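**Q** Attaching a single structure in structure tokens format; questions to follow.
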Amino acid sequence: MALEASLASRFESIRLSWPFFWQFCLPKFRKPYNSPRPVLCVRAVTDDDEWGPDNKKEGNGEGEGSAVGVAVAEEEKVPEALETDRLKKALVDSFYGTDRGLKATSETRAEIVELITQLEARNPNPAPTDALQLLNGKWILAYTSFAGLFPLLSRGTLPLVKVEEISQTIDSQNFTVQNSVQFAGPLATTSVSTNAKFEVRSPKRVQIKFDEGIIGTPQLTDSLVIPENVEFLGQKIDLTPFKGILNSVENAASNVARTISSQPPLKIPISNSNAQSWLLTTYLDEELRISRGDGGSVFVLIKEGSYLLASLST
């Protein structure tokens, strides 16, 4: 009788304790409406706990805690990556109408600087010279504050002359850099470039020494294309009256261009010891690079083939 009374008392104690368990734990398992993440009822266990050994057997013997931790970490990475992509897209969009920085207003420059600062704080490769494989390839200049390039960019505002592309090609295996500017005219296209060697001086900084300049051989276009008008010094000049004259000299000009096109590029050695500079890379990923020069100027370059180039417009 005493044993039966003891068992009955213990059963009654367990039965009475269940309502308190469901009252405090069950609501925590219910996922609130529009809640981004369920809140779980966490219960500490030990080896002596009646639930401990069973839980350890589940999930391939490792428990569920590590899996939950990984899931939470992945959830935190996703918003950060999305924010970085948003900042990159906003930065490229802010280049619209600036002609690589030449025509940027003070307000636009301030906006660009703010976006650059935010991206630099999120740099996924804080030691770019330790990730030289990311530096490899051709990079297209999208924006610069370097005043030394502005006279070159302004040549693209001359009638019938356009700066098509400014690029930098890096070969990290041979530690070489080639800076190139492509010009396009009505008869031909040509390029001016410089070859240089670089040395790694710090996790972010490289020293660049220029070896030679190259004036590319003009490449003849298929035909002479004369626009209806051109803009010069803020005024539009109608070229319609000159089309007859220009067409009459097209054949002669084409013959001259063909003769020039058959010549090799002109290489000019650079022996000046002052023909060197350094470059600090402050942001680097697979498609975007932000660098700062020794004069405090900034360069934003986009990797050839990146989707960001599709939205880039000057």
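**Q** With a 1.4 Å probe and every protein chain left in place, work out the accessible area per residue of the stretch 94-182 in Å², rounded to a whole number.
**A** Accessible area per residue: 49 Å².
**Q** Follow-up question, since we're still on this one. When the Karplus curve 6.51 cos²θ - 1.76 cosθ + 1.60 is applied with θ = phi - 60°, which whole-Hz ³J(HN,Hα) does each residue of the stretch 184-193 get, with x for Gly and Pro?
**A** 10, x, x, 9, 7, 10, 8, 9, 10, 9
**Q** Near the amide H of F146, under 5 Å away, which other amide H atoms are found, from residues 5 or more places off or on another chain, if H is placed in the peptide plane?
**A** Distant-sequence amide H within range of F146: V298.
**Q** Another one. Per-residue HN-Hα couplings for the stretch 142-147, Karplus 6.51 cos²θ - 1.76 cosθ + 1.60 at θ = phi - 60°, whole Hz, x for Gly and Pro?
**A** 9, 7, 8, 10, 6, 5
**Q** Sort the following peptides by mean Cβ neighbour count (other Cβ atoms within 10 Å, averaged over residues), highest first: 195-204, 269-278, 300-309.
**A** With the highest mean Cβ count within 10 Å placed first, the list reads 300-309, 195-204, 269-278.
**Q** Report, to the nearest whole %, how much of the accessible area of the stretch 100-142 belongs to carbon and sulfur atoms, 1.4 Å probe, protein only.
**A** Using a 1.4 Å probe with all protein chains present, the stretch 100-142 comes out at 53 percent carbon and sulfur.
**Q** For W278, what residues show an amide H to amide H distance below 5 Å, using hydrogens built from the backbone and excluding near sequence neighbours?
**A** I208, D294
The values are calculated or read from the model by the stated rules, or taken from the named source; none is laboratory data. All figures in this text were calculated on a predicted structure; none of them were measured in a lab. Neighbour counts are summed over all protein chains in view; Cβ atoms, including those assigned to glycine, are modelled from backbone coordinates with ideal geometry. The protein model used for the area step is the full one, side chains on, heavy atoms only, and it has no ligands, DNA or RNA in it. Shrake-Rupley method; radii C 1.70, N 1.55, O 1.52, S 1.80 Å.
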